[in-house]
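The values are calculated or read from the model by the stated rules, or taken from the named source; none is laboratory data. Note that the coordinates shown come from a computational prediction; the quantities given were computed from them, not determined experimentally. Note that we place each Cβ from the backbone using ideal geometry, even for glycine, and neighbour counts take in every protein chain shown. Please note that ligands, DNA and RNA were not included when accessible areas were found on the heavy atoms of the full protein model with its side chains. Shrake-Rupley method; radii C 1.70, N 1.55, O 1.52, S 1.80 Å.
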Amino acid sequence: MATVLSVSGSPSVSSRTAKLLRHLDTRLAAQGHEVTSLDVRTIPAEALLGADFKHPAIVEATELFARADGVVIGTPVYKAAYSGVLKALLDLLPQYALTGKTVLPLVTGGSTAHVLALDYALRPVLNSMGAAHIVQGWFTLDKDIITGEDGGITVAPATAEALTQVVDQFSAALGSASLLAAAG
């Protein structure tokens with residue numbers, strides 16, 4: 001199957017966004033995809049903020065994007081936009097780092113007032129980076145991601161159902177892209 005890079009753009013160690021992504025990574029792996037996760041917050045701040053293109057962490061992140069067939073980008077909403085750490089990373093990637101890739105954008109936030117951040121803030125930058133296909137994304141309310149005492153999460157039933165459909169559509173799009181690439 002496909003190689004998937006799952007990117008959490010949350011700066012928080014206890015991020016619901018990252019936990020949700022890792023939860024979805026499990027589904028993608030069960031469908032036969034090779035999933036690699038990247039938490040942008042683990043990249044040294046001096047590399048991100050200093051635009052150090054040669055820093056080993058930036059080089060590694062760039063290589064992860066290059067090797068991926070598909071990319072899941074998850075971010076919390078801050079001030080009606082995706083996170084600053086995600087922006088810093090995207091700015092350091094090559095202009096067309098998403099060329100030929102299928103991309104699934106996911107956004108988490110505290111209020112449905114931020115739902116448009118998905119289509120009006122995140123999707124345009126992904127498109128400008130050359131994504132071949134940006135599948136339907138999903139906005140998840142923070143309150144629908146419940147963290148258990150063991151650190152695992154439970155997703156509210158209606159949200160879990162919607163996320164399953166979105167992830168399955170992404171998985172199917174990855175399969176279609178692989179078939180097209182093999183035929184071409």
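Computed from the C-beta positions of Y96 and A160, the FRET efficiency with R₀ = 45 Å rounds to 0.85.
Stretching the chain fully between L141 and E34 yields a gain of 35.8 nm (0.36 nm per residue, less the alpha carbon separation). For the pair F53 and A132 in one chain, pulling the backbone fully straight at 0.36 nm per residue adds 26.0 nm over the alpha carbon distance. Per-peptide packing, taken as the mean over residues of other Cβ atoms within 10 Å, places 148-155, 38-45, 91-98 in the sequence 38-45, 91-98, 148-155 from highest down.
Straight-line reach from K19: which lysines fall under 28 Å, measuring Cα to Cα and dropping same-chain residues less than 8 apart? Hits, sequence-local ones excluded: K79, K87, K101, K143. The modelled label-to-label distance for the pair M1/R27, using points 7 Å beyond Cα in the direction of Cβ, is 1.2 nm.
Accessible surface area normalised per residue over the chain is 48 Å², counting heavy atoms of protein chains with a 1.4 Å rolling probe.
Surface composition of the range 3-182: carbon and sulfur make up 57 percent of the accessible area, probe 1.4 Å. Taking one quarter of the surface of the convex hull spanned by the alpha-carbon atoms of the chain gives a direction-averaged projected area of 10.2 nm².
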